[in-house]
Every structure is written in structure tokens, then in C-alpha cells.
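A quick write-up on the structure given underneath.
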Amino acid sequence: MKTQKRNEIKFILNNIPVETLVYFLKASNGLFFKEFPGRFINSIYFDNLNFDFYKKNIEGFSQRQKIRLRFYGKQNTNLIKNSVLEFKIKENNLGYKIKKNFGKFELKDIFSRNFKDKIKKFTFHISDYLRPILINNYYRNYFVSRNQNIRFTIDQFIKYDYLNFNKINFNKIIYPKIIVEAKFDPRHKEEALNIINKMPLRAVKNSKYVIGINKFLR
């Protein structure tokens with residue numbers, strides 16, 4: 001399934017409580033409300049041996065992508081019953097996703113030959129050398145404007161592990177900052193900017209995958 005193209009603008013929430021941002025969204029012209037309950041999100045990122053996806057992101061290529069396997073919920077079990085393989089594609093200032101249902105797997109098997117072969121079947125048109133590089137976990141809250149033209153997500157409690165060994169430890173690297181993202185169809189850009197420009201936040205270039213790799217390269 002291919003999603004519609006949209007603008008995505010990211011911010012780092014510095015020195016402002018989350019509650020203050022939520023109050024601003026609810027009191028703004030957008031009359032934002034909580035779209036549905038918050039939840040934990042988990043992503044396994046893939047790259048090749050040359051880290052091409054990472055390099056294109058940090059070098060600012062106008063066309064770039066990330067490939068990740070996403071599943072939801074706080075992981076208290078090795079068995080993942082529902083997962084989606086996402087190709088997150090960026091073309092200049094617009095982004096979209098191609099999603100494929102990946103199904104059931106066990107976390108302990110992501111280093112196995114069978115898992116590698118399954119990933120290859122889903123990504124054969126990209127590379128034969130993709131491998132799991134990084135896993136992260138965070139808690140996301142969702143807000144949408146009353147007319148549903150603009151969405152904001154607030155991500156916090158972000159944790160990483162670099163998948164270099166046959167073990168996963170979500171507490172290996174903790175990223176203490178809070179990431180806020182505005183998402184909207186290009187047709188609603190003026191409406192979105194009218195709200196964003198009144199926010200006490202500055203837009204930043206931000207990628208959880210890049211942040212995670214940078215943490216482990218230091």
C-alpha cells in the first residue's frame with residue numbers, strides 16, 4: 001500500500017513541558033484533540049554494508065529512503081504477531097510510505113538466515129545485502145486538528161540498540177529529547193504554517209535512524 005505524499009516538519013521540544021505544547025495545540029485555531037490513545041512504537045532499521053541509506057540522509061540527497069520493520073506495543077515477549085515493512089521515501093520536501101504486511105516473527109530470529117531470506121523477498125528490487133542495523137522504541141501521542149487537515153505527533157522515551165550482536169537491549173542508548181512532528185497534505189500548507197509559525201519551536205532536520213547511528217558512532 002502506498003500512502004499519499006505529505007509535508008513533514010520536525011521539532012525538538014527544548015525547555016517546554018509536553019503539557020504546554022498540548023495546551024497550545026488545543027487552544028490554537030486548529031482546535032486539536034487526541035486522535036487515539038498513545039502507544040509504544042518499535043522499528044527495526046535496515047541498511048546495506050556501505051550504510052547508503054544513512055549516508056544519503058546525512059548528505060541531504062533530495063531523493064532518499066529508509067526501510068524499517070515496524071510493530072507496536074511494549075515488548076514483553078519475543079513473539080511479534082503483527083508487523084509492517086515500511087519503505088519511507090522522501091522526494092525533496094514531500095514524503096510518502098509504501099507498506100507491506102510482514103506478519104509474524106520472533107525477535108531472536110532477526111539475525112537468522114530465514115529472516116534474511118524473508119527480508120530479501122520483500123526488498124529484492126533494492127539490494128541483496130540489506131541487514132538489520134538498528135532497533136528503537138519510543139512512546140508516541142497523536143493529535144489531529146478539528147478538520148483533520150493537520151496532525152502532530154509527540155515522541156518521547158526514545159531508546160536504541162545497535163544490532164551488531166545476537167541480543168537486543170532497549171536500554172543501551174537512551175535519547176532524552178522529545179521529538180514533535182507536524183504532518184499535512186501540501187494542499188493544507190498555508191493552514192499548517194499559520195499554526196506552526198505561532199509555536200515556540202524551531203524546525204530542525206531530524207531522523208531517528210540517523211540519531212541512533214550517530215550515537216553508536218561516537
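Points to keep in mind about this one:
- Exclusive hit being in contact with a Ser or Thr (Cβ under 7 Å, 6 or more places away or on another chain), surrounded by 19 or more Cβ atoms within 10 Å (Cβ to Cβ) and not β-branched (Val, Ile, Thr), set Leu130, Leu134: Leu130
- Scanning region 2-25 finds no residues that are under 17 Å from the mean Cα position of the chain (by Cα), more than 23 Å from Arg151 (Cα to Cα) and touching a residue at least 60 places away in the same chain (Cβ under 8 Å).
- Residue within region 45-61 that is within 18 Å of Ile195 (Cα to Cα) and of a type in the set (A, V, I, L, M) present: no
- Those helices (runs of 4 or more DSSP H) of region 5-124 in which at least 2 residues are surrounded by 13 or more Cβ atoms within 10 Å (Cβ to Cβ), modelled with pLDDT under 90 and basic (Lys, Arg), considering only elements entirely within it, cover 113-123.
The values are calculated or read from the model by the stated rules, or taken from the named source; none is laboratory data. Remember, predicted model here, so these are calculated numbers, not experimental data. Cβ: placed from backbone, ideal geometry, glycine included. Neighbour counts: every protein chain shown.
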